[in-house]
Structures are given as C-alpha cells and as structure tokens.
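**Student:** Dumping the structure here so I can ask a few things about it.
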Amino acid sequence: MENYFIPDPLKINDPFSDNIFRHFDKVIKDKKNHRFILSISGGSDSILLLFLFIKYFKDNKDRLIICHINHHLRPDSDIDQSFVSILGKKLNIQTYIKNLNPNDIPKNESIEAWARESRYSYLNKIMAKTSSNWIVTAHHANDQAESILMNISEKTGLFGLGGMKEINNKIIRPLLPFSKNYLMRIIEKYSIPYVIDSSNNNINYKRNFIRNIIINPWQKNNLNLIDAITKSGKNFQEWQESILYFTKDFIAKNSLENKDGSFIIRK
C-alpha cells in the first residue's frame, strides 16, 4: 500500500461526478464552513466519498477528518485499517483509528447491532473531541433499498418503510440518491483504490442475505429495482413528514392537553 498509486482527487471531472457535486450543493453547500467526520471503512463507497469531499472542499480540506473503526470481526480487518491509515497520510487528512473488541458483544445483542452502535458511539466521541459538526457516511441507493427490505422483515411500520434519511440529526448521507453501479463508474474511471470486505458474501448477516440472495437475483429481471424501492421509500418519508406535521403542529395548536398526556382536539 505504501507504494500504491493514489490518483489526485482534484482531477475528478466528468458528468457522473458533476451530478454528485450538484447534489452536494443542495445538501452541504451551506455547511462549507463546518467540520466533517468522514466514516471511512476502506471499501469502494467510503473511499469514493473521501475523494469527492476532497475535491468539493478543495479550499477547505482541513475541515475534513477521517475516522476508521476496526471491528475485528474478520482476520483481515487489519488490512483495511492499514489502508485507511496510509491513505489518510498520503492525502494529508487527519485520521482517527478505533479498535473494537468482539468479546465485548452483549450475549443478547446481534453482531450487526453491536457493530453499528459501537461505530456511531465512537464517531460521536470524535465529533465532540474535534468540535466537528457532522458525521458523513457513504450510504447509497442500494444500501437504502436493503435497509427498507430489512425494516419490512423486522415489522418496523411506516417509519421503517421510509428507510434512511439523507440528513438525520448530525448524520449526513450525501450519496444516498446514487446507485452502487453509478458510483463504481467513477471509481473505475479514475482507478481509485479500495479494499474488499471479505465478509460481504457471508449471508449469515441479514444485510448480506438481502443483498446477495434477494436483491441481486431480483435486479437481473428488473434493472430499475433499486430506483423503484428507493422512490417508494421517499413516498413513505413524505407521509412521515405529513404525520409529524399533523401531530406536532396542527394538533398542538388546535387541542388541549390533559394531565395524563392525552389531547382533546377542538372541532
């Protein structure tokens, strides 16, 4: 990795990336003076996110911070850690590394839930330590489709059907509208290096099962599958917003609250 060719992020310039940058203008342009924690696993999606942010923040690169969490759930996870660490040095981006211990997983908690909760716990600590404003993840449209199907299987109801939000509290997912295939076109064009997670094909993990056993075969017969699922998710999010407006604004303004927390709605 020390001698690996690292392309210049500033040379990324094509219609595919321009479309992403236009979306960045909608999502984060008004936040350019903020500080961002980039959650970088070393995989293709997060490395592309890093390169795109360096290009987009070319005059404010010091506002970017890399954060990598090594969950130690597979023997080769140290390769990912080394890759991200060296990449951070070569790109001159401040980098934080966190090593987790799988022995700390509570008996009644799933590995996936433990990994997610531990990851965001550390990201929030680094955000506080560095006085940063946002955590940025590389979730894309395929991840969104997987999340929606996972939520259906877990009976999460209306709010689960909406999937992930592009901005949720202090988390931003600026690649959410773009499919994996779309992002890979940029990665391949500029020979952007990344590591492959050897556990991606382990269908014992629910997300991997949904990706490899359900979505991938389904996509072969329906090329617009990801777009269809994510658009459905957007519709559910609009319904969520309507319900929240109704409950928070309309009911609050047009009702009386009882001592037990219930509301009397005026006709």
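**Student:** Give me Rg/Rg_expected for the chain, where Rg uses Cα atoms only and Rg_expected = 2.2 N^0.38 Å with N residues.
**Tutor:** Taking N as the residue count of the chain, the ratio is 1.11.
**Student:** Separate question: Could you tell me what percent of the accessible area of the chain is made up of carbon and sulfur, with a 1.4 Å probe and every protein chain present?
**Tutor:** 50 percent
**Student:** Counting other Cβ atoms within 10 Å, which chymotrypsin sites (Phe, Trp or Tyr not before Pro) in the range 1-43 have at most 15 and lie in a DSSP loop?
**Tutor:** Tyr4, Phe5
**Student:** Would you compute the Debye intensity of the range 21-95 from its alpha-carbon atoms alone, equal scatterers and no solvent, and pass along log10 I(q)/I(0) at q = 0.12, 0.15, 0.27 Å⁻¹ to two decimals?
**Tutor:** These q points yield log10 I(q)/I(0) values of -0.34, -0.52, -1.31.
**Student:** Figure the gain on full extension for Arg35 and Asn101 (residue separation times 0.36 nm, minus the Cα-Cα span) and round it to one decimal in nm.
**Tutor:** So the chain would gain 20.9 nm between Arg35 and Asn101.
**Student:** Turning to a different aspect of this structure: Within the range 72-118, list the trypsin sites (Lys or Arg not before Pro) lying in a DSSP loop whose Cβ has at most 16 other Cβ atoms in a 10 Å radius.
**Tutor:** Lys107
**Student:** Given DSSP loops and a limit of at most 16 other Cβ atoms within 10 Å, what is the longest stretch of the chain that contains no such GluC sites (Glu not before Pro)?
**Tutor:** 155-267
**Student:** Another question about this same structure. Sum up the charges of everything whose Cβ sits under 15 Å from the Cβ of Asn99, counting Lys and Arg as +1 and Asp and Glu as -1, but leave Asn99 out.
**Tutor:** Within the 15 Å Cβ shell, the charges total 0.
**Student:** What does the helix-only formula give at 222 nm for the chain: each DSSP H stretch with n ≥ 4 adding -39500 (n - 2.57), the total divided by the residues, and the result rounded to the nearest 500 deg cm²/dmol?
**Tutor:** One gets -13500 deg cm²/dmol as the mean residue ellipticity at 222 nm.
**Student:** Could I ask something else about it? Over the chain, give the accessible area per residue in Å² for a 1.4 Å probe, as an integer.
**Tutor:** Dividing the accessible area of the chain by its residue count gives 57 Å².
**Student:** A follow-up question, please. Convert each backbone phi in the range 173-188 into a coupling constant with the Karplus relation 6.51 cos²θ - 1.76 cosθ + 1.60 (shift: θ = phi - 60°), then list the ³J(HN,Hα) values in order as whole Hz, x for Gly and Pro.
**Tutor:** Karplus values, whole Hz, x for Gly and Pro: 10, x, 9, 4, x, 9, 6, 4, 4, 4, 5, 5, 4, 6, 4, 6.
**Student:** May I pose another question? Roughly how big is the chain's charge dipole about its Cα centre, with Cβ charges of +1 (Lys, Arg) and -1 (Asp, Glu), in debye to the nearest 20?
**Tutor:** 640 debye
**Student:** Assigning unit charges at the beta carbon (Lys, Arg +1; Asp, Glu -1) and nothing else, what dipole magnitude in debye, to the nearest 20, does the range 1-109 show about its Cα centre?
**Tutor:** The calculated dipole for the range 1-109 is roughly 460 debye.
**Student:** To continue, here is another question. Rule-of-thumb check for the range 1-140: C-alpha Rg over 2.2 N^0.38 Å?
**Tutor:** Ratio of Cα Rg to 2.2 N^0.38 Å: 1.09.
**Student:** Any idea which of Ser110, Asn221, Leu123 is furthest toward the positive side of the dipole for the chain, if Lys and Arg beta-carbons carry +1 and Asp and Glu beta-carbons -1?
**Tutor:** Leu123
**Student:** Among the listed pairs Lys29/Lys248; Lys32/Lys90; Lys107/Lys129; Lys26/Lys189; Lys32/Lys61; Lys98/Lys206, which are separated by more than 20 Å between their Cα atoms?
**Tutor:** Long pairs (Cα-Cα over 20 Å): Lys29/Lys248; Lys32/Lys90; Lys107/Lys129; Lys26/Lys189; Lys98/Lys206.
**Student:** Tell me the angle of helix 15-27 to the major Cα principal axis of the chain, expressed in degrees between 0 and 90 and rounded to the nearest ten.
**Tutor:** Approximately 40 degrees, to the nearest 10.
The values are calculated or read from the model by the stated rules, or taken from the named source; none is laboratory data. The structure displayed is predicted, hence computed values, not measured ones. Glycine gets a Cβ as well: all are built from the backbone with ideal geometry, and neighbour counts include every protein chain shown. The accessibility values were calculated without ligands, DNA or RNA, using every heavy atom of the protein model including side chains. Shrake-Rupley method; radii C 1.70, N 1.55, O 1.52, S 1.80 Å.
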